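Colleague: Quick one: the structure is below, and I'll ask about it shortly.
The values are calculated or read from the model by the stated rules, or taken from the named source; none is laboratory data. In this text the structure is predicted, and so the values were computed from the model without any measurement. Don't worry about glycine lacking a Cβ; one is built from the backbone with ideal geometry, like all the others, and counts go over all protein chains shown. With ligands, DNA and RNA removed, areas are computed over all heavy atoms of the protein, side chains included. Shrake-Rupley method; radii C 1.70, N 1.55, O 1.52, S 1.80 Å.
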Amino acid sequence: MDAIGKKLLDIAQKELGYTEKGDGYTKFGNWYAEHVDGDHDEYFKTAPWCDMFLAWAADKADVTDQAGQFASTIDHAKWFKKNDAWGHDPEPGAIVFYDWNGSGDIDQVDHVGIVEKVDGHTLHTIEGNADGYKLMRKTRDMDAVVGFGYPSKIKVEAKYTPRHAAPAPT
């Protein structure tokens with residue numbers, strides 16, 4: 001299992017059953033507008049939220065550097081590919097990207113989720129905005145899968161922490 005993905009799954013499982021409001025509002029879109037989008041665009045509060053849920057979960061799990069913070073599924077998939085963390089082998093904790101038309105084209109990705117379990121060619125996932133309104137478990141075959149992002153394969157550079165010298169002796 002992808003170790004970073006496991007942290008995302010732990011957060012996702014606690015949110016199962018969350019349902020968007022009648023106007024499409026979600027706490028995930030609201031959070032995205034307030035914390036990620038530099039313009040604080042109101043659009044995100046009622047926008048399709050499958051990927052914004054993952055951005056929110058990554059923040060709660062303290063793994064944003066490895067999982068990314070996206071509202072666009074295409075940009076998110078390309079980010080994994082650019083960072084050499086993209087592939088076609090399903091594994092628990094991986095981020096799964098779908099194209100419902102089955103093109104296999106990364107430029108056509110239109111939905112995202114996180115793999116909870118793999119059973120042969122069947123994926124058991126947790127997805128935000130599933131069935132158009134809910135955070136829920138789904139069982140899917142691989143036909144519409146474009147690829148997988150593996151958060152643990154994202155190389156994160158250690159952040160420099162300045163060390164201050166002790167005061168000079170007097």
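Colleague: Hey, G29 hits all of (1) closer than 22 Å to F148 by Cα; (2) in a helix (DSSP H, G or I); (3) open to solvent by less than 50 Å² (accessible area, probe 1.4 Å) but one; which does it fall short on?
Modeller: (1)
Colleague: Restricting to the range 5-16, what's the tally of residues that are open to solvent by less than 40 Å² (accessible area, probe 1.4 Å) and either over 14 Å from the mean Cα position of the chain (by Cα) or at pLDDT 95 or above (or both)?
Modeller: Adding up the residues that qualify gives 5.
Colleague: Looking only at the range 1-19, which residues are touching a helix residue (DSSP H, G or I) at 6+ places or on another chain (Cβ under 9 Å) and assigned to a loop (DSSP other than H, G, I, E, B)?
Modeller: Across the range 1-19, the qualifying residues are M1, D2, Y18.
Colleague: Another question, then. For the range 115-140, name all the residues that are modelled with pLDDT of 95 or more and more than 20 Å from F53 (Cβ to Cβ).
Modeller: If the condition is that a residue be modelled with pLDDT of 95 or more and more than 20 Å from F53 (Cβ to Cβ), then V118, D119, T122 are the ones that fit.
Colleague: Now, a different point. Quick one: count up the residues across the range 94-114 that are open to solvent by 10 Å² or more (accessible area, probe 1.4 Å) and more than 16 Å from M52 (Cβ to Cβ).
Modeller: Residues flagged as open to solvent by 10 Å² or more (accessible area, probe 1.4 Å) and more than 16 Å from M52 (Cβ to Cβ) within the range 94-114 amount to 9.
Colleague: Which of (1) open to solvent by 50 Å² or more (accessible area, probe 1.4 Å); (2) within 15 Å of D2 (Cβ to Cβ) does I126 not meet, given it meets every other one?
Modeller: The failed condition is (1).
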